[in-house]
Amino acid sequence: MSQAPVLELRGIDKSFGPVQVLHDVAFSVHPGEVTALVGDNGAGKSTLVKCIGGIHPIDSGEYFFEGEKVHVGGPRDAAALGVEIVYQDLALCDNLDIVQNMFLGRERRSGLVLDEATMEELAARTLESLSVRTVTSLRQRVSSLSGGQRQTVAIAKAVLWNSKVVILDEPTAALGVAQTAQVLDLVRRLADKGLAVVLISHNMNDVFAVSDRIAALYLGRMAAQVKTSEVTHSQVVELITAGRSGELGLQNGNGATP
Amino acid sequence: MTTTTVPEKGTTGAPAIGAHARDYVERVRGGDLGALPAVIGLVVLCAAFSVLRPAFLSPINFANLFTQGAAVAVIAMGLIFVLLLGEIDLSAGFASGVCAAVLGVLLTNEGWPWYAAVLAAMATGAVIGLVLGTLVAKLGIPSFVVTLAAFLAFQGVVLLLLKEGTNISIRDETILAVANKNMPPALGWGCAAAGVLIYAALQVVQARRRAARGLPATPMPMIAFRVGALAVISGAAVFVLNLERSRNAALVSLKGVPIVVPVIVVLLLVWTFVLRRTAYGRHIYAVGGNAEAARRAGIDVDRIRISAFVVCSFMASIGGIIAASRANSVDPNTGGSNVLLFAVGAAVIGGTSLFGGKGRALDALLGGAVVAVIENGMGLMGYAAGVKYAVTGCVLLLAAGVDALSRKRAAATGRG
Ligand SMILES: Nc1ncnc2c1ncn2[C@@H]1O[C@H](COP(=O)(O)OP(=O)(O)OP(=O)(O)O)[C@@H](O)[C@H]1O
Ligand SMILES: [Mg+2]
C-alpha cells in the first residue's frame, strides 16, 4: 500500500477574484487506494477537484502525474492523463440520452459518422458492470431519469474510460440506502482493480467503510492527510471542524490566518 | 423495471408498432410535442383554405407555395443552429439581403459568372456569421444585442451596395432558374423514387446491423410505415407538381417540380445528417442543453457557438440567392420586412425551442410550410398585408406559447 502516488499536487493556490479558496494545498492519491477527501461545506473540496480536472486553472502550484510534472490546461488534458471526475452537480445534458451523455466529447466514430451501435454496446456493458438494473432504455433522455439514476449515469460515464484516477464528488448525496451501498461497493472495487479513487463525502461512516486514506480540508488548507487505520472518527471530525486534532492538523492557531 | 442489458429484439410485428405508438403518445403527453402542432396546423389551415378558396388547391398555387416559402424555410434552417444554442440571430433576414445584394452587384454590374457570384455571396454570409459569432462567443455580448445592431447595420449595407435604393435586376439564366424553372416531369419522378428507395435501404440496413449486434432496432413494420408515408407524400407532391399549370398550355407549358425543391431537400438532408450523425451536431445539442457540461466534456464551446452563427448566416446567403432569383431582382427590401420574423416563426412553429437544445432541420420546412400556407391562403382570400402580418404574428406567439408550455410540462413530468 505504499506505492508512489499516481497524482500529486503541491502548493496549489486558487482564488476567485479577491477570494482565495485554496491555500498552498498538497494532495496525493495512490493507485489501488481510496482516498477520502473531507471538509466542511465551502472548505474547497469541489474547487480542488475542478482544479485537478482542468475546469479551473490553478494560480500557482505543481501538478504531478505518475511522477512527471504536467500542465493541465483544460478538461481534455485531464482526460488524456486518465483522470475522470464525477462532479457534484453531475454535469449531464438533459436533452441528450444516456449513451450520448456517456460519450459526450469523446464520441466513437467510423469516418465522419457517429458509431452509435458501438457506443450503445459499450455503455450497456459498463452499466451492466455497475449492476444498474433500473434504466428501461439507454436511449432515454437524461431529463427523464431520477436523481439516483442520473448519478449512476454520471458514474458510469467516469468508469467507461480506462482511467487511472476516478474522482467522485459526493456521489451518494442523492442516493437511497441500497444504491449508496452499491456505489461504495463500486468505489472499493475500482480501487481493488488498481485505480486511484478519490471519494468526497460528508458521511463519516461511508468514509471509514471504504477509504484507505483521509485528506481533510479546512478553510481551503490541507489540514492533514492520514491513513484511515491510524485515526478515529472523532479525530477526523475535529480535523474537519477545527483544522486540527492533537498532534494532527494545522498547528498555527485556527489555521485561518497564514 | 427492466434491465438495460436485455435488448428487445424488436423484430416482432404488431406489438413493436404498438410499443412505438405508446411511446409516442407518452412523449407527447410528457410535453415533447415535436412536429405535432405544425402538422395539425398545416392540415387544419389547408382544409380551411381549400373550403374557403378552391383556388388554393390548384396545381399552380401548390407550386407557388414552394417558391414563396423557399427563402424563409432556408433561412429558418440556418436559424435553427443558433436557436439550438439558445441564442438568436435577428440579423439573418438582412444578412440574406446583403448577400443577395453582393450577388446582384457582381452578376449584373460587374458581369461575374454565376458560380463566382454565388460563391462570393455565400462567402459573405460565412464571414458575417464569423463576425457575429465571435462577438457573441468571445466578447460575451448577448446575441440579441449583437444581431439587433447587425440588423440595423446590414439594412444600411444593402442600401449602400444598391446605391441608395436603385434595384438591380438579375438577368443570369442559371440564377433565375432556381426559383422560376422546373425539373422535367420524368426527372421529378426519378428523384422521388430514388429518394424513397435510398431512404428505405438505409433504414433497413441500419436496423439489420443493430439487430445483428443484439441492439434494439426499429421494427420492420415501423420502417415500412415510414417508407410508405414518405413514398405517399413525395409521390403525391410530384404528381401534383407535374400537372400542367399553364393557363395556355399550347403557348407555354408549365409543369414539373420547381428547382428550389431539390435544392431545399439537399440542404435538409445535409443539415439533418450533420445534426444527427456527426460529433459536431451532437456537440451543438450538448452546448444548447448544458454549456457547462459540454465544456467539462472537453468541447470547445466558443467554437461551437461561432460555427452556429456561421451556418446561420451562410444559410441566410442561400436564402438571399433564392429570394433574388424569385424576385428577378435585388432591392433594398430583399430580406427585409417580415423575412426574419417569418423565419423565426417557421423554426418555432416547426418545433424548435427558443430555449435551446431542441430542434431539427426538418422543423424549418414544417414551420415554413405553415407560414407559407398562411400567407398564401390569406392572400387568396384578399386580405390586406396588414391582416396577414397580424395573423402570422399571432401564430408565432402561439407557437412560442406552445414551446414555453410544453417546456413547463416537461419540467413537471421530468421529461425534457
Ligand atoms: N466559481 C466560483 N466563483 C467564486 N467563488 C467560488 C466559485 N466556486 C467556489 N467558490 C467558493 O469557493 C469556496 C469553496 O467552494 P467549494 O464548492 O469548493 O466547497 P466544497 O468544499 O465543495 O463544499 P460542499 O461540501 O458544500 O460541496 C466557497 O466559499 C465558494 O463560495
Ligand atoms: Mg462541493
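Summary of values
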item	result
Shape parameters for chain B, alpha-carbon atoms, Rg then Dmax in Å	22.1, 70
Nearby lysines by direct alpha-carbon distance to B:LYS181 (threshold 18 angstrom, same-chain neighbours under 8 apart not counted)	B:LYS255
Å³ per residue enclosed by the Cα convex hull of segment B:47-125	142 Å³
Geometric extent, Cα atoms of segment A:149-258 - Rg, Dmax (angstrom)	15.3, 44
Residue (of B:GLY256, B:MET220, B:ALA193) at the positive-pole extreme of segment B:182-257, dipole from beta-carbon charges	B:MET220
Longest site-free stretch - chain B; sites: trypsin sites (Lys or Arg not before Pro), DSSP loop, at most 15 other Cβ within 10 Å	B:248-416
Dipole of segment B:261-416, positive end: most advanced residue of B:ALA364, B:THR334, B:GLY319 [Cβ charges, Cα centre]	B:ALA364
Among A:VAL231, A:VAL165, A:VAL153: highest mean-square fluctuation, GNM of chain A, C-alpha pairs under 10 Å	A:VAL231
Residue with peak Gaussian network fluctuation, chain A [Cα springs, cutoff 10 Å], from A:ARG150, A:ARG108, A:ARG188	A:ARG108
Separation in nanometres of the label points that stand 7 Å from Cα toward Cβ, at B:VAL274 and B:TYR383	3.4 nm
Residues B:ASP23, B:ASP302, sorted so that the one with the fewest Cβ neighbours within 10 Å comes first	B:ASP23, B:ASP302
Estimated FRET transfer efficiency when R0 is 45 angstrom, pair B:LEU230-B:ASN333 (beta carbons, to 0.05)	0.75
Cα centre as origin, Lys/Arg/Asp/Glu Cβ charges: segment B:182-257 dipole, Debye	300 debye
Only Lys, Arg (+1) and Asp, Glu (-1) charged, at Cβ; chain B dipole about Cα centre in debye	1220 debye
Cubic angstrom per residue, convex hull over Cα atoms of segment B:182-257	63 Å³
Kirkwood-based shape ratio for segment A:40-139, expressed as Rg/Rh from alpha carbons	1.04
Eligible aspartates and glutamates near A:LYS69 by straight Cα distance, threshold 18 Å, same-chain separation 8 or greater	A:GLU8, A:ASP13, A:ASP24, A:ASP59, A:ASP77
Charged-residue dipole, Cβ positions (Lys, Arg, Asp, Glu), the protein assembly as shown about Cα centre, Debye nearest 20	1820 debye
Solution diffusion estimate, µm²/s, Stokes-Einstein, segment B:296-416, Kirkwood Rh from C-alpha pairs, 4 °C, viscosity 1.567 mPa s	79 µm²/s
The protein assembly as shown: C-alpha gyration tensor shape, a/c 1.5 cut-off, then a/b vs b/c	prolate
Chain B - mean residue ellipticity at 222 nm from DSSP helices (-39,500 (n - 2.57) per run, n ≥ 4, rounded to 500)	-24000 deg cm²/dmol
Segment B:195-339 shape via C-alpha gyration tensor axes, a/c threshold 1.5	oblate
Residues of type aspartates and glutamates that B:LYS388 reaches as a straight line, Cα spacing below 19 Å, ignoring anything fewer than 8 places off in the same chain	B:GLU375
Max mean-square fluctuation residue, GNM over chain A, Cα-Cα springs under 10 Å, options A:ARG76, A:ARG213, A:ARG221	A:ARG76
222 nm mean residue ellipticity, helices alone, for chain A (DSSP H n ≥ 4; -39,500 (n - 2.57); rounded to 500)	-9000 deg cm²/dmol
Chain A: angle of helix A:233-242 to the longest principal axis, Cα-based, in degrees nearest 10	80 degrees
Radius of gyration and maximum dimension Dmax of chain A, Cα, Å	18.5, 61
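Throughout, read-outs are computed from the coordinates displayed, never taken from laboratory work. Keep in mind that what you see is a predicted model, and the values were worked out from it rather than measured. With ideal geometry, Cβ positions are generated from the backbone for all residues, glycine too; neighbour counts draw on all protein chains shown.
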